[in-house]
Amino acid sequence: EAQVTQNPRYLITVTGKKLTVTCSQNMNHEYMSWYRQDPGLGLRQIYYSMNVEVTDKGDVPEGYKVSRKEKRNFPLILESPSPNQTSLYFCASGTSGAYNEQFFGPGTRLTVL
Amino acid sequence: SQQGEEDPQALSIQEGENATMNCSYKTSINNLQWYRQNSGRGLVHLILIRSNEREKHSGRLRVTLDTSKKSSSLLITASRAADTASYFCATGGPGAGSYQLTFGKGTKLSVIP
C-alpha cells in the first residue's frame with residue numbers, strides 16, 4: 001500500500017531533550033516536506049527536500065533540522081525542544097513536477113513540557 | 001509567500017444540501033489544490049486545478065478557479081454526514097516554486113444527519 005508513515009504518533013517530552021520524528025514513504029517520491037499545524041494558523045511548512053541531499057527552509061524552520069540521506073526517509077530533528085514547538089506535525093511527499101499532489105502521513109502530536 | 005484564505009471559517013449544513021467553500025489568494029499561481037482533513041488526521045488530496053483551467057469535476061466535487069479575481073470555490077453536492085471535515089485550499093506558485101504548496105487555514109464543515 002502506498003503510504004507515508006511517521007513515528008512516533010504521539011510524544012510527550014521535556015524542554016531541551018533532543019528528539020527525532022521519522023518519516024518514510026514507499027512511493028519513490030522525490031519531494032518530501034514537513035509541516036506543523038496549530039489552531040488558527042493552519043499548516044505551515046518547516047522544511048522541504050527536492051531530492052536526496054537537497055533540503056531547504058520553509059516558512060518556520062527555526063528550532064528544527066532535517067536530513068535526506070535516502071530517498072524514502074526524511075527525519076525531523078528537534079535539537080532542543082521548547083514548549084512553543086508543541087504542535088501537530090505532518091510529513092508529506094510528492095513528485096517533483098509542476099503539479100505536485102502531496103500525500104500526507106498520519107501526523108505526530110508532540111507536547112513539550 | 002502567497003497563502004490561500006478560506007471562507008467561511010465554519011459551515012454547518014443539513015445532509016443532502018450543497019456546501020460551498022471559497023478560497024482567495026494573493027499572487028500568481030501555477031495550480032490550486034483542495035485537501036480534506038478528518039479531525040486530527042492527515043490531509044487527503046481531493047482535486048487539483050491548473051491555472052489555465054476554469055472548472056473541474058470529480059464525483060460530487062466541483063472546483064472553479066478565477067485567476068482574474070484570485071479566487072477558487074469548492075462545491076460539494078448532496079452532502080453526507082461523512083463529508084464532515086476541514087477543507088483546505090493550497091496554492092502552488094509559478095516557476096521553480098510550483099512544487100511548493102502554501103495552505104490556507106481551512107473551512108470546518110459540519111454535515112448534520
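Laboratory data are not the source of any read-out in this text; all were calculated from the coordinates shown. Here the structure is a predicted model, which means the values were calculated and not measured. Here the Cβ positions follow ideal geometry from the backbone for every residue, glycine too, while neighbour counts run over all protein chains shown.
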A student applying the Cα gyration tensor rule (rounded when a/c is under 1.5; otherwise prolate if a/b is larger than b/c, oblate if not) would label the protein assembly as shown prolate
Shape descriptors of chain B over alpha-carbon atoms, Rg and Dmax in angstrom, are 13.4, 45
Any lysines whose Cα falls less than 28 Å from that of A:K69, other than same-chain ones fewer than 8 residues away, would be A:K17, A:K18, A:K57
Where a ≥ b ≥ c are root eigenvalues of the Cα gyration tensor, a/c under 1.5 meaning rounded, otherwise prolate if a/b exceeds b/c and oblate otherwise, the stretch B:36-100 counts as oblate
Magnitude of the Cβ-charge dipole (Lys and Arg +1, Asp and Glu -1) of the stretch B:1-51 about the Cα centre, nearest 20 debye, reported as 300 debye
In order over the stretch A:9-26: 3J(HN,Hα) from phi, Karplus 6.51/-1.76/1.60, θ = phi - 60°, whole Hz, x for each Gly or Pro, gives 7, 9, 8, 10, 9, 10, 3, x, 8, 4, 9, 10, 10, 8, 9, 9, 10, 10
Scattering profile of chain A from the Debye formula, Cα beads only, expressed as log10 I(q)/I(0) at q = 0.18, 0.23, 0.24 Å⁻¹, is -0.84, -1.34, -1.45
Non-local residues with an amide H under 5 Å from the amide H of B:N30, with H modelled 1.01 Å from N and Pro and chain starts lacking one, are B:G92, B:G93
Per DSSP, the loop-located chymotrypsin sites (Phe, Trp or Tyr not before Pro) within the stretch A:1-105 having at most 16 other beta carbons within 10 Å are A:Y99
Toy charge model, Lys and Arg Cβ at +1, Asp and Glu Cβ at -1: the stretch A:2-113 dipole around Cα centroid in debye, rounded to 20, equals 340 debye
Answer in debye to the nearest 20: the dipole magnitude of chain B about its Cα centre, from +1 Lys/Arg and -1 Asp/Glu charges placed on Cβ, is 200 debye
Placing each pseudo-label 7 Å from Cα in the direction of the beta carbon, B:A78 and A:Y99 end up separated by a distance in nanometres of 2.6 nm
For the pair B:E55 and B:N18, the simple spin-label estimate (label points 7 Å beyond Cα toward Cβ) gives in nm 1.0 nm
Within the stretch B:34-77, the residues whose backbone N lies under 17 Å from a label point placed 7 Å from the Cα of A:R9 along the Cα-to-Cβ direction are B:38-44
